[in-house]
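Asker: What follows is a single structure, and I will ask about it in a moment.
Every read-out reported here was derived from the displayed coordinates using simple, explicitly stated rules and does not represent laboratory data. Everything quoted here is computed from the prediction, not taken from an experiment. All Cβ positions, glycine included, derive from the backbone under ideal geometry; neighbour counts span all protein chains shown.
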Amino acid sequence: MSYLPLLGVLIVVVGFALRINPLLVVAAAAIATGLAAHHALVSVISSFGKAFIDSRSVAVIWLALPVIGLLERSGLKERARTVISKIKMATTGRLLLAYLALRQITASLGLTSLGGHAQMVRPLIAPMAEAAAEIQFGELPEKTRHRIRAHAAAADNVGVFYGEDIFIAIGSILLIKSFLEQSGVIVEATQLAVWAIPTAICAFVIHGTRLLLLDRSLAREIDAVRAESDTPADAA
Amino acid sequence: MIGLEFVYVLMGVMMFGIAAVNLRDRSSRKRYVNGAFWALYGVTFLVGSRLPDFVNGLLVIGMVLVMAIGKLGGPPPEAASRAEREASAARWGNRLFVPALAIPAVTLLGTMTLKSLHFHGTPLVAAKDVTLISLGLATVVALIVGVVMLRPPLAAPITEARRLMDAVSWAAVLPQMLAALGTMFALAGVGPIVAGVLERWIPLDTAFAVVATYTVGMALFTSVMGNAFAAFPVMTAGIGLPLVVHKFGGDVVVMAAVGMLSGYSGTLMTPMAANFNIVPAALLELPDENAVIKVQVPTGLLLLVANTAIMYFCVFR
């Protein structure tokens, strides 16, 4: 077997490692893969165009931007901060832990649309998580602010990934079922969903523990940044 | 019947709006570059379904060239000052959450009800697209609620969309580009080659080696493809079914269910899963595009260990 079609994988790995623009890297890898598999340039461009058009559905979420932007202009993020400041017990870690639990439970009931980065994380969860840290620690260094935002996105991902497979009608369960059927094995969707539960519990325990440890880690990071910025001032 | 095409027309109109706002913005040095990029993207939504595949391919290559040569510009500063936003937040209070929460609420409602609606005996929406169509309708409903409530200047929604879209920039297109790469991988038979390499180079003579090769292979292959769905058929046909199940007598349900979940560890750790990892980094305006991945790596690795243990201890019951 020829290894030539792996050229595209190589381009992706090298391109990402060299931090070349990912969109450029991926487009180049796609064209190179097609050519390496001995397809003519015109048919490669055609397949490439067709695949791009066929996957337009992943972009539909951007339709939320006009209303999200409008609400941000009218103070949505500021309001989200005010709400969090009224909850005395709220810390960044606990807030994200609550969101992780909520996201995992709703996804396991098939309600995967109750979340997402554009609809929930940017306008609501990330500002709330930042505000909780601000109340606890005062003005935050940029670095800490960015780390909290990344954690807000991660909580959404972990919650939906390890929740949705407990729901029997989700795409991955249907894919497993139909793949096994083609191989002559008949399985029940409910059995597959039940065997997603141990992993779901592990995911909640592992990521939840990390979120509870996050508050202390943020405190250390903020102290370190402040000590660093204080030192030159003291010297002078 | 309302189809996905309706949602794509909305997308196309929005992209042209964003391009127009860019072109009219004299304060932006990159107004022509950004305008051209979003206008080309708009064409793929408005008429992409009717254009020949080759023309669509050229449009996509055109977008990549505009980006690579012209370099896209960043977002404009926010239209409202912090003081204005705080005053508005104090004025509207929790009512501001209503349009935001209308998006998930209406999506959910649509997903549950639209399937059963019929018009002259034909279903109003195609069942397979019901979630996406509901999401499209929900954004329209939320926007109408927001505009009626807040009474902003007429152009505010589209100028705000432009601000956010230019913040996300090229990352908005990356998930689609990766889907196209996945198709090219499939066309070139990349999957079977990778599975062949794994089988040839890894000693698969103990039950643990087989289970670990399957789970780690799922995670690795998912990192390459960006998608556990693409890795699952290849890895399961190559290792899961023949070795875990047939040779060592493992249970097919545990193998398949935990195998798929092992792939998700790969999804957490790869830039190839752009819509989960790169897009939120752009959307949250993080300077490091891999910031979300870095946060997720410990969880991904620990869960891979957990899944390998779950499969090893449960699959051979």
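Asker: Would you tell me the mean number of C-beta atoms belonging to other protein chains that fall within 10 Å of each C-beta in A:146-152, as a whole number?
Answerer: Partner Cβ neighbours, averaged per residue: 6.
Asker: What is the helix-to-structure angle for A:76-86, meaning the angle in degrees between its Cα long axis and the longest Cα principal axis of chain A, kept from 0 to 90 and rounded to the nearest 10?
Answerer: Helix A:76-86 sits roughly 50 degrees off the main axis of chain A.
Asker: Right, another one. Hey, with R₀ at 41 Å, roughly what FRET efficiency would B:L23 and A:V13 work out to, going by the Cβ-Cβ distance, to 0.05?
Answerer: 0.65
Asker: Report the full-extension gain for the segment B:L154 to B:S81: residue separation times 0.36 nm, less the Cα-Cα distance, to one decimal in nm.
Answerer: Taking B:L154 through B:S81 to full extension adds about 24.4 nm, to one decimal.
Asker: Send over the semi-axes of chain A's equivalent ellipsoid, whole angstrom and largest first, taken as the square roots of 5 times the C-alpha gyration tensor eigenvalues.
Answerer: They are 39, 27, 19 Å, listed from largest to smallest.
Asker: At R0 = 56 Å, how high is the FRET efficiency between A:A98 and A:V42 if r is their beta carbon distance? Nearest 0.05 is fine.
Answerer: Calculated transfer efficiency: 0.55.
Asker: Something else: I want the local charge near B:D288. Using Cβ-Cβ distances under 12 Å, sum +1 for each Lys or Arg and -1 for each Asp or Glu among the other residues.
Answerer: +2
Asker: What angle do you read, to the nearest 10 degrees and between 0 and 90, between the alpha-carbon axis of helix A:22-36 and the longest principal axis of chain A?
Answerer: Compared with the principal axis, the helix lies near 10 degrees.
Asker: Next question. Counting other beta carbons within 10 Å of each residue's own, what order do B:D205, B:D251, A:D165 fall into, fewest first?
Answerer: B:D205, B:D251, A:D165
Asker: To continue, here is another question. Under 19 Å Cα to Cα from B:K128, which aspartates and glutamates show up? Leave out anything in the same chain fewer than 8 places away.
Answerer: Partners within reach: A:D54, A:E164, A:D165, B:E5.
Asker: While we're on this one: Can you sort A:C202, B:C314 from fewest to most other Cβ atoms within 10 Å of each residue's own Cβ?
Answerer: B:C314, A:C202
Asker: Need one number: convex hull volume per residue for the range A:4-54, Cα atoms only, in Å³.
Answerer: 64 Å³
Asker: Report the extension gain between A:R220 and A:E142 in nm, rounded to one decimal, defined as 0.36 nm multiplied by the number of residues separating them, less their alpha carbon distance.
Answerer: Separation in residues times 0.36 nm, less the Cα-Cα distance, equals 26.6 nm.
Asker: Please give, to one decimal in nm, the separation of the simple spin-label points placed at A:T209 and B:E5, each 7 Å out from Cα toward the Cβ.
Answerer: Modelled inter-label distance: 5.4 nm.
Asker: Whole Å is fine, so just give me how far the alpha carbon centre of the range B:20-37 lies from that of the range A:140-174.
Answerer: So the two Cα centres are separated by 34 Å.
Asker: Of A:S43, B:S116, how do they rank once you tally other Cβ atoms within 10 Å and put the fewest first?
Answerer: B:S116, A:S43
Asker: Still on this model: Please report Rg over Rh for the protein assembly as shown, where both radii come from the alpha carbon positions and Rh follows the Kirkwood definition.
Answerer: On the Cα set of the protein assembly as shown, Rg over Rh gives 0.97.
Asker: Provide the gained length on full extension for the span B:H246 to B:V297, in nm with one decimal, where the gain is 0.36 nm per separating residue minus the Cα-Cα distance.
Answerer: 15.1 nm
Asker: Each label point is 7 Å from the Cα along the Cα-to-Cβ direction; what then is the distance between the points at A:S229 and B:H120, in nm?
Answerer: 6.7 nm
Asker: Using the membrane-span-like helix rule (whole DSSP H runs, Cα extent along the own axis of at least 20 Å, mean Kyte-Doolittle hydropathy at least -1.0), which helices of chain B qualify?
Answerer: Correct list, ordered by number: B:4-24, B:31-46, B:53-70, B:97-113, B:130-150, B:174-188, B:207-225, B:252-268, B:291-314.
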